[in-house]
């Protein structure tokens, strides 16, 4: 790649696609500091608003970004929640006041540089407040604008970040996805074409046993043949998802006839690459993930497919690793060392091996220079990675998926780095172009069919982060709750009155919140173990309360004043997914495009 060469008007020889996964567990009405609403405020001020600012800059200068941005359904519910909209400006005002107090202290102490950094924080949080007011408190509308003009493609996630490989019923998997689609349409205005599988977790179709005994003492059901992730996606007209490197590296090629598949699942005209690709392309092309269809009556004569994009490991570690990658550079703002009571940061990384007492002052101008060099290095790395495929018929695509909160929150300069990469690819003749996965699939074929094993991007590529001796007790509660909700929703008495609908809707909400994989992750990593355990037990207790309320209603067709009051309290506290549909949990209920050549989803 030549340096500083004006970009030529030519067809791209390779593509880079960023995928940013924006998600936080539900924290509204569940604590403030140090865990709870503070997480949402920090992420909004340090990641979501800076991302919108970055996108505005690129729109102004007519520069492509075209990333896949996942706004998880439960995050959308929180960003639009009246409690957040009312409290966020107060949080920003507190940060501004704290920075002013820091400035006065540093001036009095004779530390001119720290005083200037305090003014930097005043400007930063004042800008956030101005941006929030400019959006009239509607951050989602800002992202929706960039989605409508094609600068980003907003995709979805399971409703509450339920971890796909460990969900205990097919109905729970389908309900997580179908609730996600409903929520996405309500907030974004169109159905999503892609999805972020939480923790890049994937499960194929096949026989499965419950891995734990049930906490309520009920007998553990026999194992069963469960549907694969690709079937649940295809049923809801979701086209693509992402997995970690090893799942594609270890995948098996399938010789399934495309003509046979066309008889059951319609796809766009750009359907499949007919020629074999070299091994160097293995991670730089999308694939159909093919699996047997499991119908409500045990049919297995049909097949479902969805498209998968594998994560590139070589470039990824440069971005997310604080030990080996860019965020660990000594010039960047240190995440951990803060000055209290305001919580502002005045020190740089300095060196990963130095203690907190030896951190050196932060200089934003020095960090800005490192952003430029790291963006250039990353561009070169992507170029070298994709170069072996430049002369093939179908241009290669490098997929870089990350947690969105890495940029701005964990790595303070991260959003500026993303903008610098976009500008590099726009300004110089690299032969590379940024693209969304939706756009790539509209232009180019899949490379073939693969069958993948179960796995994730967690430790050792399996489920151990979420299912281990420290967390298995949570699933002992989740699994019987999933079965109970399926039974209640299937029986159907709840449909008869508005009160029955209301009770079962809240039962479904509490189940979704129980299923959030964040609780197990926080327990395993120890990042906020006490909070995660309390949150799980809170939702479990509330689920059981709603269960008891339903059982009273089921037997008496009414509730006591105390039960009515308690139901209202829980509804107010966990007021998410207002139009939640209990029919999503009915046994065997699903949406399918299997027999609909026009790709219109039909409820079955």
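Suppose only helical runs count, i.e. DSSP H with n ≥ 4. What mean residue ellipticity at 222 nm does that imply for the chain under -39500 (n - 2.57) per run, divided by all residues and rounded to the nearest 500 deg cm²/dmol? Computed mean residue ellipticity for the chain: -14000 deg cm²/dmol. As a length-normalised measure over Cα pairs under 8 Å and 6 or more apart, the relative contact order of the chain settles at 22 percent. Applying 0.36 nm per residue to the separation of residue 429 and residue 105 and subtracting their alpha-carbon distance, the gain on full extension is 111.7 nm. Inter-label distance, residue 442 to residue 557: 5.5 nm, where each label sits 7 Å from its Cα along the C-beta direction.
Where both residues lie in the chain, what percent of DSSP beta bridges are antiparallel, nearest 5? Taking every DSSP beta bridge with both residues in the chain, the antiparallel ones total about 40 percent. Does the chain come out rounded, prolate or oblate by the C-alpha gyration tensor, with a ≥ b ≥ c the root eigenvalues, rounded set by a/c under 1.5 and, if not, prolate when a/b is larger than b/c and oblate if not? Oblate, since a/c reaches 1.5 and b/c is not below a/b. Averaging Cα coordinates gives a centre for the stretch 384-457 and one for the stretch 569-588; these two points are 36 Å apart. Every pair of different Cα atoms in the stretch 117-165 enters the Kirkwood calculation, which places the hydrodynamic radius at 13.5 Å.
Under the rule a/c < 1.5 gives rounded, and otherwise a/b versus b/c splits prolate from oblate, where does the stretch 50-97 land using the Cα gyration tensor? Since a/c reaches 1.5 but b/c is at least a/b, the shape of the stretch 50-97 is classed as oblate.
Applying 1/(1 + (r/R0)^6) with R0 = 35 Å to the Cβ-Cβ distance of residue 62 and residue 502, what FRET efficiency is obtained, to the nearest 0.05? Approximately 0.10, to the nearest 0.05.
Neighbour counts of C-beta atoms inside 10 Å place 359, 353 in the sequence 353, 359, starting with the fewest.
Most tightly packed first, judged by the mean number of other beta-carbon atoms within 10 Å of their residues, the peptides 211-219, 160-168, 74-82, 124-132 read 160-168, 74-82, 124-132, 211-219. Computed over the alpha-carbon pairs of the stretch 334-445, the distance histogram in 10 Å steps reads 11, 34, 29, 16, 9, 1 percent, short to long. Under the rule a/c < 1.5 gives rounded, and otherwise a/b versus b/c splits prolate from oblate, where does the stretch 472-585 land using the Cα gyration tensor? Verdict is prolate for the stretch 472-585.
Compared with the alpha-carbon gap, the fully stretched path from residue 569 to residue 32 is longer by 191.5 nm at 0.36 nm per residue. On full extension, the segment bounded by residue 529 and residue 134 gains 138.5 nm, given 0.36 nm per residue less the C-alpha separation. Within the stretch 525-566, what residues put their amide N at less than 14 Å from the label point 7 Å along the Cα-to-Cβ vector of residue 90? Hits in the stretch 525-566 for residue 90 at 14 Å: none.
Rule-based calculations on the coordinates, nothing more; no lab input. Because the structure is a prediction, the values reported are computed rather than measured. Counting neighbours? That spans all protein chains shown, and the Cβs are built from the backbone with ideal geometry, glycine included.
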